[in-house]
Structure formats: structure tokens, C-alpha cells
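Enquirer: Dropping the structure in here first, questions after.
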Amino acid sequence: MTDILPPLQTLRAFEATGRRLSMTLAAEELHLTHGAVSRQIMALEDHLGVPLFRRMTRRIELTEAGQSFFSTVTRFLSELSRESENIRRRNDTNRLVVSCGVSFASKWLTSRLHRLIGKYPELDVHLEVTDAPIDFASGHVDVALRYGNGQYPFASAERIMNEIVSPVCSPEYREKMGGLHLVGELAKCQLIHEIGMTTTWERWFAMMQLPYPGMRGPGYSHGSMSIEAAVRGAGVALGRSVLVAEDLTAGRLISLFPEAKLEVEWGYDLAYRVGNQEHPKVSLFRSWIAQEVREFMQSIS
């Protein structure tokens, strides 16, 4: 196998020259002389038994074989570079990559992350905020926080918090609507919806044994957006208990009927690569967030 494969340095010279269609520019990029790049490409052509470039007076261009080989070499070098970086990251005990969903990051995690950094200053913490599926197979992410059902590909997960929903609005909106002392008065309110949630207003009204008013208010793709809409006085939202806690404490929101709580099937999960729970930096994060959750739950109980 090793006799069939061309030397790696010839592939790097070929890729840089094919990408820039200039041996001079490729030499500058690779910190080599023009002659060294030329010799490596000729060695590669001798190895393959075909010319890879057409050499003209003032320019070069890839041959048909060169174009085909360039596509393969580019893909190979890109995958090799990516996997090398993944291996370095896996063995880097200081770099901690945390992936977190948008709403949980904005309404809960980011206001606490400084305490993680303060407690473990040796950690190089990187927060990636996204609702995209977790790609643990690539080795890029160390831990992830997701709102879901606990099942994630290539990952182990532990539930850190469950939650409930109940109606919330701004103090100004409640005053505007005459106080909203009775549950039935919600039928005349603008209802704010979180798109994709299974715990809907329809289900909440059914739990309260009331007819659903059927008024379709504004819908938002993220819980944090629906909460911000409620803070601005746009209507009444079904506030997720974890996400609205700080706004309730600050008085930006009020809980209209706190006893009328609907349980949510999904919850907040801490996920990590299968078998990686005892890795030192993963273990530190697990310990830290467990303490943060305990303190948070005590504060809202």
C-alpha cells in the first residue's frame, strides 16, 4: 500500500498549485522555492505516469487527469486536516467546547458561565450556541445542553431539569387587560405561541376544562423569543418555568395563574460522547452544572 501512495509533500504541492494555478504562488504559500514545487509536481506525475498540468508560456492549467485527481486530493487533505484537529481537541484537557440550544443559552446558561470560568480558570471554554443536532461523532463537541427527550446519536445523556408551563405576561399588559383575575379572561387576550412545542395553549385550556378561544396570535421558533415578546407587552405566553425564572424575579413578567401548571414532556439534558463521562473536563462540567441546577431549583422553589 505504501508503495502505491505518492509522498504527502507532493500532494501538498499539487493541491496548492492546482488551487492557485501558479507554481510561483504555491511556492510562496508553502514557503518553498519555485524549483522545489516544480520538482515535487514532476515527481508526482512520474509516480502516476500521467501529466497533471498543461504548461503554457505564461500560465498552467489542469489536464483532465489533473482535474479528477485534484478533486480527490482536496477532499483527502481536508478530511485529514479535520480529523487531525479532532484528535488534538480530544486530547486537549484544557479546551472545553460546550454546545447549547439558543433559548437555554440566552435565558439561563450565559449568565452563569462566568462562574465556571472563575472556578476552573485552567479551562479554555468555548460556547457554541445552536439548535442543530449534536455531532459527537466528529469529536468536536465535549458536552452539549439540549431541550429534548434524552435520546441523541452517539451520546449518553442525563436529565438535569424538567419544567412546567403556565401563563405569563408583563405587568403593563395585565393592567391593560383589566387585571386578568379569572382564567376565562384569557380568551380575550393575545396569546403568544412557541412553534414546535407539544405543550400548547390548546392543551393548557383543555387541562383547565375551558374551550380554546382559537385566536391565533404570533408564533416564535424559540422559547426565548416568545418570552421576550411577552416582556414587551405583546400578549400572554405559556412561560417555560426554567426560561422565565429570571424575568419573574426581576418583575419583567408576572405569573397570572401559578397554580395552573402544565407539565412538559421534554426537559433539559446534558449530553456527552458515549463512554466519555469520566473525562476530566467533562467531569468538571458535570459537577459544576449539577451545583448550578441545585442552587437554581432552590431559588425558584
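Enquirer: Excluding residues fewer than 8 places away in the same chain, name every one of the aspartates and glutamates whose C-alpha is closer than 19 Å to that of Lys176.
Expert: Within reach: Glu185, Glu228.
Enquirer: For segment 164-263, what is the percent of antiparallel DSSP beta bridges, rounded to the nearest 5? The partial results should precede the final answer.
Expert: Numbers: 8 of 12 bridges.
In segment 164-263, approximately 65 percent of DSSP beta bridges are antiparallel ones.
Enquirer: Let me ask something else. Using only DSSP helix segments of four residues or longer, with each worth -39500 (n - 2.57), what per-residue ellipticity at 222 nm results for the chain after dividing by its residue count and rounding to 500?
Expert: On the way: 10 runs with 123 residues, N = 301.
One gets -13000 deg cm²/dmol as the mean residue ellipticity at 222 nm.
Enquirer: Which value in Å does the Kirkwood hydrodynamic radius of segment 154-211 take, with 1/r averaged over all unlike C-alpha pairs and then inverted? Can you show the working numbers first?
Expert: Numbers: mean 1/r = 0.0720 Å⁻¹.
In segment 154-211 this quantity evaluates to 13.9 Å.
Enquirer: Which order results if Ile195, Ile160 are arranged by neighbouring Cβ count within 10 Å, fewest first? Mind dumping the intermediate values first?
Expert: Working: Ile195 12, Ile160 18.
Ordered by Cβ neighbours within 10 Å, fewest first: Ile195, Ile160.
Enquirer: Rounded to two decimals, what ratio of Rg to Rh does segment 8-90 give with C-alpha atoms and a Kirkwood Rh? Please report the intermediate quantities before stating the final value.
Expert: Values: Rg = 13.4 Å, Rh = 13.2 Å.
Taking Rh as the inverse mean 1/r over Cα pairs, Rg/Rh reads 1.01.
Enquirer: Another question about this same structure. For segment 57-71, what does the Karplus curve 6.51 cos²θ - 1.76 cosθ + 1.60, with θ = phi - 60°, yield as ³J(HN,Hα) per residue in whole Hz, taken in order and with x for Gly and Pro?
Expert: The phi angles translate into 4, 10, 7, 10, 8, 6, 6, 4, 5, x, 5, 5, 5, 4, 4 Hz.
Enquirer: When mean projected area of the Cα convex hull in nm² is calculated directly from the model, which label among [x] 21.9; [y] 22.9; [z] 17.7 fits?
Expert: [y]
Enquirer: Cross-link partners among lysines for Lys107, C-alpha distance below 25 Å, same-chain residues fewer than 8 apart left out?
Expert: Candidates past the 8-residue exclusion: Lys119, Lys261, Lys281.
Enquirer: Take the alpha carbon atoms of segment 141-157, find their center, do the same for segment 1-70, and report the distance between the two centers in whole angstrom.
Expert: Taking the Cα centre of each part, segment 141-157 and segment 1-70 sit 44 Å apart.
Enquirer: Taking every DSSP beta bridge that has both residues in the chain, what percent is antiparallel when rounded to the nearest 5? Please report the intermediate quantities before stating the final value.
Expert: Working: 23 of 36 bridges.
Of all bridge pairs located within the chain, approximately 65 percent are antiparallel.
Enquirer: Give the average over all directions of the projected area of the C-alpha convex hull of segment 116-215, one decimal, in nm².
Expert: Details: hull surface 40.4 nm².
For segment 116-215, the mean projected area of the Cα convex hull comes to 10.1 nm².
Enquirer: Here's something else I'd like to know. Using the 10 angstrom Cβ neighbour count as an exposure proxy, how do His126, His193 rank, fewest first? If you can, show how the numbers build up before the last one.
Expert: Numbers: His126 14, His193 19.
Ordered by Cβ neighbours within 10 Å, fewest first: His126, His193.
Enquirer: How large is ³J(HN,Hα) for each residue in segment 282-292, as worked out from phi by the Karplus curve 6.51 cos²θ - 1.76 cosθ + 1.60 (θ = phi - 60°), to whole Hz, x for Gly and Pro?
Expert: Result, rounded to whole Hz: 5, 5, 4, 5, 4, 5, 5, 6, 4, 5, 4.
Enquirer: Please order Glu163, Glu29, Glu278 by the number of other Cβ within 10 Å, starting at the fewest. Walk me through the numbers before you get to the answer.
Expert: On the way: Glu163 20, Glu29 16, Glu278 9.
So the ranking, lowest neighbour count to highest, is Glu278, Glu29, Glu163.
Enquirer: Taking every pair of alpha-carbon atoms in segment 164-263, give the share separated by more than 16 Å as a whole percent. Could the numbers behind the result be given before it?
Expert: Details: 2418 of 4950 pairs.
Of all Cα-Cα pairs in segment 164-263, 49 percent lie more than 16 Å apart.
Bear in mind that the values in this text are calculations on the coordinates, not laboratory data. If you're wondering where the values come from, they're calculated on a predicted model, not measured in any experiment. Positions of Cβ are backbone-derived with ideal geometry, glycine not excepted, and every protein chain shown enters the neighbour counts.
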